[in-house]
Amino acid sequence: CVKRTATSLSWHPLDYHKLAVAYSCLEFQRAPKNMSFDSYIWNIEICNKPEMTLKPISPLVCLEYNHKDTHILIGGSYNGQIGYWDTRSGSQPVQMSATEHSHKDPVYKVIWLQTKIGTETFSASTDGQVLFWDIRNMNEPTKRLVLDPSKKGNRENALGAVSMEFENSMVRAKFLVGTEQGLVVSCNRKLETTDDPIVCMYSGHHGPIYALQRNPFFPKNFLTVADWTARIWSEDIKESSIISSKYHMTYLLDGCWSPVRPSVFFTVKMDGTLDVWDILFKPKDPILNLKVCDEALYSIRVRDKDSLVCCGSQLGTVRLLKMSPDLCTLQKNEKALVSEMFERETKREKILEGQYRERHQMKHSSSVEDEGGKDDMEELLAYTEREFFETVEAEKKKIKDEEKERRSGMFCFQV
């Protein structure tokens, strides 16, 4: 029997007993025709029956509560449409985006913008587009960004988006997009005021970036989870991450920072394991490995300022785990130590990056000199070869002339 996966989790911003879960079967070719499209809002104190059912027209891949109006949720569907629900209005969506103006692939991430009105949101999909919406009118997006590295807006060359991050507290209007190709793309949100919406790209992963999140205490540093590693980056370093885990034996599928401790983050893997990391204690290895279940864990979310962690599995089960007090209590001088560590690792990577560029330039200049020397050598060889053949031809002519004179002398003697 094919089960639906718990693909996205969202805690209620105020009522910490409520958890919204999006369910979908990502292997659409295996999904039976009668498979349910429903997603649920759970009360964690009543685990046998959902508190409310959300009924989309296509399975929801992602789902997020609105922090401005906590009765409203935004969801991204498997068919590419965006819809929003008001829990006061029932299970049906209040409004859905028009199919012709929606994404053409599943929507893997939706984010609310913390504006005064609280009605603006944007979505990312593997069709290579980031679409901006206002839920007051969802007939078409307000803005559209194509993730084309050549910056020509060509959808055929666009990078597929599977994760996204936007820190509303940051002054700069930039957001990050994690792609199928293993690149993190930094984009400018204010598309109407710039001709260059794609600011830069960060490379280092070998597969899709399933999780992307800024450190809540140090927004210039962000976490990525992809392939067999988890990496921490600095905005100032484009070529490589400043901290990287060792390569694991199984795929990492999601991850997030602790909301209360700047040095702690969590990852989940395909073998059903939850890893807890403390970069001040062990930068390369997790401090705790916990076997949660036998199936793959696809999603994880930590409740704000609390000790509860929820993990969603491939078979649709959501498990709640309670952290020990040490993992959810800010330690003495922790912020200062993490800040010092990030600065030190960033400086180290800058030095290595400068050395790499210097060596690359030296290698390039030496190759140019080698090309020049090669041209001189070829010219010398051509001249030597030409001179050789001219000498050979002169010798042949001299021999012919001597033979001619000798024959003419013999003829005179016979006469």
Inside the stretch 263-286, the number of residues satisfying the requirement of being closer than 20 Å to Tyr210 by Cα, crowded, with 18+ Cβ neighbours inside 10 Å and not basic (Lys, Arg) is 12
Would you confirm whether or not the stretch 177-184 contains a residue that is of a type in the set (Gly, Ala, Ser), closer than 23 Å to Ser203 by Cβ and touching a strand residue (DSSP E or B) at 6+ places or on another chain (Cβ under 8 Å)?
yes
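Being buried (at least 16 other Cβ atoms within 10 Å of the Cβ), closer than 24 Å to Ser125 by Cβ, touching a Pro at 6+ places or on another chain (Cβ under 9 Å) and free of Cβ contacts under 8 Å to residues at least 24 places away in the same chain is true for just one of Tyr40, Tyr23. Which residue is that?
Values: Tyr23 fails: free of Cβ contacts under 8 Å to residues at least 24 places away in the same chain.
Going through Tyr40, Tyr23 in turn, just one is buried (at least 16 other Cβ atoms within 10 Å of the Cβ), closer than 24 Å to Ser125 by Cβ, touching a Pro at 6+ places or on another chain (Cβ under 9 Å) and free of Cβ contacts under 8 Å to residues at least 24 places away in the same chain: Tyr40.
Just give me the residues in the stretch 228-250 being assigned to a loop (DSSP other than H, G, I, E, B) and more than 15 Å from the chain's Cα centre (by Cα), in sequence order.
Going through the stretch 228-250, the residues assigned to a loop (DSSP other than H, G, I, E, B) turn out to be 228, 235-242, 245-250.
Asp236, Ile237, Ile242, Ser245, Lys246, Tyr247, His248, Met249, Thr250 - these are the residues of the stretch 228-250 that are assigned to a loop (DSSP other than H, G, I, E, B) and more than 15 Å from the chain's Cα centre (by Cα).
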Can you tell me which residues in the stretch 299-316 are of a type outside the set (Ser, Thr, Tyr) and either surrounded by 17 or more Cβ atoms within 10 Å (Cβ to Cβ) or farther than 22 Å from Pro13 by Cβ (or both)?
Ile300, Arg301, Val302, Arg303, Leu308, Val309, Cys310, Cys311, Gly312, Gln314, Leu315, Gly316
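Scan the stretch 1-20 for residues that are open to solvent by 60 Å² or more (accessible area, probe 1.4 Å) and either more than 13 Å from Arg303 (Cβ to Cβ) or among the β-branched types (Val, Ile, Thr) (or both) and jot them down. Before the answer, list the steps.
Taking the stretch 1-20 and keeping what is open to solvent by 60 Å² or more (accessible area, probe 1.4 Å), we get 1, 3, 14, 16-17.
Residues satisfying the conditions are Cys1, Lys3.
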Selection from the stretch 317-351 of residues that are open to solvent by 40 Å² or more (accessible area, probe 1.4 Å), touching a residue at least 24 places away in the same chain (Cβ under 8 Å) and within 22 Å of Ser234 (Cβ to Cβ):
Lys335, Leu337, Arg348, Lys350
Which one is nearest to Met52 (Cα to Cα) among residues in the stretch 20-38 that are touching a Ser or Thr at 6+ places or on another chain (Cβ under 7 Å) and not acidic (Asp, Glu)?
Ala20
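The values are calculated or read from the model by the stated rules, or taken from the named source; none is laboratory data. Every value quoted in this text rests on a predicted model; they were computed, and no experiment measured them. Cβ coordinates were reconstructed from backbone atoms using ideal geometry, including for glycine residues, and neighbour counts include every protein chain displayed. All accessible areas refer to the heavy atoms of the entire protein, side chains included, with ligands and DNA or RNA removed. Shrake-Rupley method; radii C 1.70, N 1.55, O 1.52, S 1.80 Å.
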